[in-house]
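Trainee: Questions regarding the structure given below will be posed in turn.
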Amino acid sequence: MKVLHMLTSRLTLVVKSIIIATAIVGSGQAHAAKTIEQKSIILPKSDPDINLGKMNYNVKCATCHGINAAGSAKGPSFLNRVYHPGHHGDAAFINAPKQGAKAHHWTFGDMPPVEGITDGQIAKIITYIRALQKANGIF
Ligand code: HEC
């Protein structure tokens, strides 16, 4: 009987450890940045504003946020629901390039301010990013 009891409590411990380990891995995944495969990205229909936004984005943002906002080893994809307009409104997209952004969602480190970017360029970049997000079902 004693042996059985010991076995049961050991088993309970093992099960508990597995549950805790799963919880830790699970919470880690929520913050693990995923790079989106290029071929799975749906491109928005181009128009002059979107094209201009894309050009500016490719020069100023793509090194970190990836071509077509796919993400890279240096920054997150904007095709992640975290960047839904309800979570990160346009104000966040204006402030981040101007002032930089402290690392808080991911483990890439801080985003430095983007040198020499203008309000006009940012506005077009936002149009482009929102069009990409819309085409890919983020909103
Ligand atoms: C040198 C790399 C780098 C460049 C260039 C860069 N970013 Fe970022 N950006 C990052 C990183 C890293 C984060 C994630 C910070 C975090 O952990 O939340 C980020 C986060 C952001 C956020 C979210 C800020 C918030 O409030 O959470 C926005 C918006 C953003 N970037 C927009 C841009 C735009 C627009 C451009 C181009 C004009 C750009 N970034 C260029 C690295 C970069």
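The values are calculated or read from the model by the stated rules, or taken from the named source; none is laboratory data. Just so we're clear, the structure is a prediction, and the values are computed from it rather than from any experiment. Reconstructed Cβ throughout: ideal geometry from the backbone, glycine too, with neighbour counts over all protein chains shown.
Trainee: Looking at S40, S46, which one is at pLDDT below 95 and either of a type outside the set (K, R) or more than 14 Å from the chain's Cα centre (by Cα) (or both)?
Mentor: Residue meeting the stated conditions: S46.
Trainee: Kindly indicate the residue of segment 111-120 that is within 7 Å of the ligand (Cβ to nearest atom) and surrounded by 13 or more Cβ atoms within 10 Å (Cβ to Cβ) and also farthest from S46 (Cα to Cα) among those meeting that condition.
Mentor: M111
Trainee: Quick check, is F108 within 10 Å of the ligand (Cβ to nearest atom), at pLDDT 95 or above and in a loop (DSSP other than H, G, I, E, B)?
Mentor: yes
Trainee: Can you say whether A123 is more than 17 Å from L52 (Cα to Cα), more than 7 Å from the ligand (Cβ to nearest atom) and modelled with pLDDT of 95 or more, as far as the supplied structure shows?
Mentor: Considered against the rule, which asks whether it is more than 17 Å from L52 (Cα to Cα), more than 7 Å from the ligand (Cβ to nearest atom) and modelled with pLDDT of 95 or more, A123 comes out as no.
Trainee: I'd like to verify a number: residues in segment 39-98 that are away from the ligand (no atom under 12 Å from the Cβ), outside any loop (DSSP other than H, G, I, E, B) and acidic (D, E), how many?
Mentor: Total meeting the criteria: 1.
Trainee: Let me ask you something else. Against the conditions (1) touching a residue at least 40 places away in the same chain (Cβ under 8 Å); (2) surrounded by fewer than 19 Cβ atoms within 10 Å (Cβ to Cβ), where does I94 fall short? Just the number, please.
Mentor: With respect to (1) touching a residue at least 40 places away in the same chain (Cβ under 8 Å); (2) surrounded by fewer than 19 Cβ atoms within 10 Å (Cβ to Cβ), I94 is out only on (1).
Trainee: Might you check whether a residue that is in contact with a Leu (Cβ under 6 Å, 6 or more places away or on another chain) and touching a residue at least 12 places away in the same chain (Cβ under 8 Å) occurs anywhere in segment 104-114?
Mentor: Scanning segment 104-114, I find no residue that is in contact with a Leu (Cβ under 6 Å, 6 or more places away or on another chain) and touching a residue at least 12 places away in the same chain (Cβ under 8 Å), so the answer is no.
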